[in-house]
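To start, the structure itself, in structure tokens.
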Amino acid sequence: MNSKKKTRSSFRELGLLGFIVVIGILVEIRNPMFLTLNNLRDIGVNTSILSILAVGMLMVLLTAGIDLSIGATIAFSGMCVALTLKVHPGVPIFVALLEGMAIGALVGAVLGTFVSRFSILPIIASLGMMNIVRGVTYVVSGSKWVSAYQLPDDFKDFATGSFLGISHFLWIAIIVYVVFFYFLNYTKVGRWIYAVGSNPAAAKISGIPKRRVTALVYILMGLLAGLAGVLWVSKYASAQGNTASGYEMDVIAACVIGGVSITGGRGKISGLILGCLLFGILNNALPLINVSPFWQNAIEGLVIMVAIIVNIVIERRIDRKALMAREI
């Protein structure tokens, strides 16, 4: 059974990779600037925040949950850190990152409590939390922005800085992926996360603490959303109450494209990378080939649907071949 799942996942990822390559070739034909080193570097940097959030959403979806509050958490954590830096501009960047992560983890802990302890449906709980956190963001900011001139230069320069020729943002995304790849694949808690989503009844019989696991994934999601909030403010050099409004839909779409099941128990970090990469390519490529901004969302949605359909077709062919082999 595990071999069958691995085969299906591998074929899906190969299909998605092929789809990405085809899009890349078509865009390069239209604009030879697409595959330049600088542009590829821009795609990586611009996709890093989405990639970080997708890791958290992967864990939530693996437990058959969902978190629609991450856009609001990004705005709240980013605003709190921006207000701190406005008053105390000498705060080091790593302290700002820790503050954002702590705020996000707190939001995730509250949401996780609603879902795990009070058995509120994740979609309902996260919708409520989204409105609460978004409202609190406007309250703490007084419905005002924190603008670029109010933020310290070191903080703003962090977004454009690099280490060993690689962007700070990319380093953070790489670290997040390495840590959580190990966590999900080589730790007991990581296996519990898969078990809770794939077979809740068996997980309960096996003695897996479902409530604690469920609460944990929302805390981790919140922590990564808080981290993304700080990076967001650094990148765009401003903090606003409506920051990242609706961004959770992009994160969920990237996960689904990457082969993560919204019914729980299925999804891999490798597929997640491809899903995020497709999003990054689309956001970068459409302006390069002079597509009207009014058409960009529609085209992105169409390409995403095509990618999902391709994945479904591949899965069905694999299942059909497996069934025929069993009958023989």
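The values are calculated or read from the model by the stated rules, or taken from the named source; none is laboratory data. Computed from a prediction, not measured in an experiment: that's the story for all the values here. For neighbour counting, all protein chains shown are included, and Cβ atoms are generated from backbone atoms with ideal geometry for every residue, glycine included. Side chains are part of the model used for accessible areas, which takes the heavy atoms of the whole protein and leaves out ligands, DNA and RNA. Shrake-Rupley method; radii C 1.70, N 1.55, O 1.52, S 1.80 Å.
Can you show me the helix-derived [θ] at 222 nm for the chain, built from DSSP H runs with n ≥ 4 at -39,500 (n - 2.57) apiece and divided by the number of residues, rounded to the nearest 500.
Only helices count here, giving -26500 deg cm²/dmol.
Which one of 80, 276, 255 has the biggest mean-square fluctuation once the chain is modelled by GNM with Cα springs under 10 Å?
Evaluated over the chain, the most mobile residue of the options is 80.
Identify which of the listed values of Cα extents along the principal axes in Å was calculated from the structure shown: (1) 85, 51, 35; (2) 62, 45, 40; (3) 72, 55, 38.
Read-out from the structure maps to (3).
How big is Rg to Rh over segment 221-269, alpha-carbon atoms, Rh as the Kirkwood inverse-mean-distance radius?
Radius of gyration relative to Kirkwood radius: 1.06.
According to the square roots a ≥ b ≥ c of the eigenvalues of the Cα gyration tensor, what is the shape class of segment 141-240, taking rounded for a/c under 1.5, prolate for a/b larger than b/c otherwise, and oblate for the remainder?
oblate
Out of 94, 294, 155, any idea which swings most in a Gaussian network model of the chain, alpha carbons joined below 10 Å?
Judging by the Gaussian network model, the answer is 294.
Quick check: from the Cα gyration tensor, does segment 76-157 come out rounded (a/c under 1.5), prolate or oblate?
prolate
Test of understanding: in a Gaussian network model of the chain with alpha carbons linked when under 10 Å, which of 125, 253, 148 would top the mean-square fluctuation ranking?
The residue with the greatest mean-square fluctuation here is 148.
Quick check on segment 1-131: take the gyration tensor over C-alpha atoms, sort the square-rooted eigenvalues as a ≥ b ≥ c, and tell me if it's rounded (a/c under 1.5), prolate or oblate.
Taking the square roots of the gyration eigenvalues as a ≥ b ≥ c, segment 1-131 is oblate.
What is the spin-label model distance, in nm, from residue 313 to residue 26 if the labels are put 7 Å beyond Cα along the C-beta direction?
1.3 nm
Is there a quick way to get the dipole size of segment 193-278? I mean about its Cα centre, with the Cβ of Lys and Arg at +1 and of Asp and Glu at -1; what is the value in debye to the nearest 20?
380 debye
Order of 227-234, 165-172 by packing, highest average Cβ count within 10 Å first?
Order by mean packing, descending: 227-234, 165-172.
Which of the listed residues, 195, 258, 180, is farthest toward the dipole's positive end in the chain, when Lys, Arg count +1 and Asp, Glu count -1 at the beta-carbon?
Value computed over the given set: 195.
What ranking of 67, 42, 154 comes out by heavy-atom accessible area, probe 1.4 Å, highest first?
Greatest to least solvent exposure: 154, 42, 67.
Please report, in debye to the nearest 20, how large the charge dipole of the chain is about its Cα centre when each Lys and Arg carries +1 at its beta carbon and each Asp and Glu carries -1 there.
That gives a dipole near 1340 debye.
Within the chain, which whole H helices from DSSP have a Cα span along their axis of at least 20 Å and a mean Kyte-Doolittle hydropathy of 1.6 or more, if any?
In the chain, the long hydrophobic H runs are 70-87, 93-116, 168-186, 269-288.
Across the chain, where is the longest run that never hits trypsin sites (Lys or Arg not before Pro) in a DSSP loop with at most 15 other C-beta atoms within 10 Å?
Free of exposed loop sites, the longest segment is 145-328.
Does a label point 7 Å from the Cα of residue 94, set along Cα-to-beta-carbon, have any residues of segment 163-185 with amide nitrogen under 20 Å, and which are they?
Answer for segment 163-185: 163-180.
Can you compute the FRET efficiency between residue 178 and residue 153 using 1/(1 + (r/R0)^6), with r the Cβ-Cβ distance and R0 = 22 Å? Round to the nearest 0.05.
For residue 178 and residue 153, the calculated efficiency is 0.15.
Just how large is the dipole of segment 1-138 about the Cα centre, in debye to the nearest 20, putting +1 at every Lys and Arg Cβ and -1 at every Asp and Glu Cβ?
Charge dipole of segment 1-138: 420 debye, to the nearest 20.
What translational diffusion coefficient, in µm²/s and rounded to a whole number, does the Stokes-Einstein relation yield for segment 16-91 at 37 °C and a viscosity of 0.692 mPa s, taking the hydrodynamic radius as the Kirkwood radius over Cα pairs?
For these conditions, the coefficient is 207 µm²/s.
What percentage of the solvent-accessible surface of the chain, computed with a 1.4 Å probe over protein heavy atoms, is contributed by carbon and sulfur atoms?
67 percent
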